[in-house]
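Following: one structure in structure tokens, then a few remarks.
The values are calculated or read from the model by the stated rules, or taken from the named source; none is laboratory data. All values derive from a computational prediction rather than experimental measurement. Please note: Cβ atoms are built from the backbone with ideal geometry, for glycine as well, and neighbour counts cover all protein chains shown. Heads up: the accessible areas ignore ligands, DNA and RNA and are worked out on the full protein's heavy atoms, side chains in. Shrake-Rupley method; radii C 1.70, N 1.55, O 1.52, S 1.80 Å.
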Amino acid sequence: MAKTGTTTQGLRAAIERSGYYPALVAEAVEAAVGGEAVASYVVHQETTFDANEVRRHVTVLVLTPHRFIVSHTDEQAADTSSPTPYATTSTESVKLDRISSVVVSRVVANPESYTPGTLPREVVLTIGWGAVSRIDLEPAACGDSNCDADHGYTGNATADDLSLRVSEAGDGPDTVRQTLVFAQALSEAIAATAAPTR
């Protein structure tokens with residue numbers, strides 16, 4: 001379940017409500033935030049099924065006046081490196097002026113009768129800052145079906161550092177709404193950072 005809002009206390013409460021190793025997650029996120037104010041956040045927990053195992057994962061996104069912070073925490077079953085189950089948590093802090101794209105993809109049912117303000121049934125928030133890029137290539141063609149010349153390749157490069165998917169059916173309408181609120185706050189903060197000063 002995702003939660004969003006402002007203030008450090010609200011962030012801590014949302015992490016605790018998620019119930020997913022709250023002391024571990026909160027300590028990692030609060031250390032990354034440091035003394036900065038929290039402008040907006042989202043806490044999203046998801047459960048996945050891997051063969052015979054159930055695994056949980058939590059993602060925390062935090063917007064401060066100068067940075068975007070992302071934290072991931074995963075639990076792992078006992079393995080050859082550890083005789084007991086364990087969790088790994090990581091945080092990354094990105095300066096707002098490094099974010100190159102914020103993509104919000106919305107899935108809307110019955111688009112012919114869409115009413116502005118209606119929540120999408122699914123939202124995918126993709127944020128890119130250049131740490132991870134995906135390149136999709138395909139052979140280029142000239143349009144002549146009889147041409148057998150090598151025209152090289154064509155394709156595109158996509159910044160794909162973080163992708164967060166929430167749905168009304170899986171996460172509830174509040175989660176979808178909260179993700180849209182966070183995405184808007186992040187986009188506005190990036191625009192303000194990029195605006196020329198006078």
Next on the checklist: Taking the criterion of being free of Cβ contacts under 8 Å to residues at least 12 places away in the same chain and of a type in the set (Ser, Thr, Tyr), would at least one residue in segment 59-76 satisfy it?
Outcome noted: no
Checklist outcome for this item: Residue hits (segment 82-104; open to solvent by 60 Å² or more (accessible area, probe 1.4 Å) and part of a helix (DSSP H, G or I)) are 97, 98
Checklist entry - Quick check, is residue 68 open to solvent by 10 Å² or more (accessible area, probe 1.4 Å) and aromatic (Phe, Trp, Tyr)? => result no
Checklist entry - If you scan segment 148-162, which residues turn out to be surrounded by 10 or more Cβ atoms within 10 Å (Cβ to Cβ) and modelled with pLDDT of 80 or more? => result 161, 162
Checklist entry - Which of the residues that make up segment 163-181 are at pLDDT below 90 and within 22 Å of residue 99 (Cα to Cα)? => result 178
Checklist entry - Counting just the residues of segment 163-190 that are part of a strand (DSSP E or B) and open to solvent by 50 Å² or more (accessible area, probe 1.4 Å), which one comes out farthest from residue 122 (Cα to Cα)? => result 163
Checklist outcome for this item: All conditions in (1) under 20 Å from residue 162 (Cβ atoms); (2) touching a residue at least 12 places away in the same chain (Cβ under 8 Å) are true of residue 48 except (2)
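I'd like the full set of residues that are under 22 Å from residue 165 (Cα atoms) and not in a loop (DSSP other than H, G, I, E, B), limited to segment 27-45.
Of all residues in segment 27-45, those under 22 Å from residue 165 (Cα atoms) come to 29, 39-45.
Once the filter is applied, which keeps residues that are under 22 Å from residue 165 (Cα atoms) and not in a loop (DSSP other than H, G, I, E, B), segment 27-45 yields 29, 40, 41, 42, 43, 44, 45.
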Next on the checklist: Just checking, does segment 25-32 include any residue being in contact with a Pro (Cβ under 7 Å, 6 or more places away or on another chain) and loosely packed, with under 13 Cβ neighbours inside 10 Å?
Outcome noted: no
Item to check | Single condition residue 116 does not satisfy, out of (1) assigned to a helix (DSSP H, G or I); (2) at pLDDT 90 or above | outcome: (1)
Checklist entry - In this structure, does residue 90 turn out to be under 30 Å from residue 193 (Cα atoms) and in contact with a Gly (Cβ under 8 Å, 6 or more places away or on another chain)? => result no
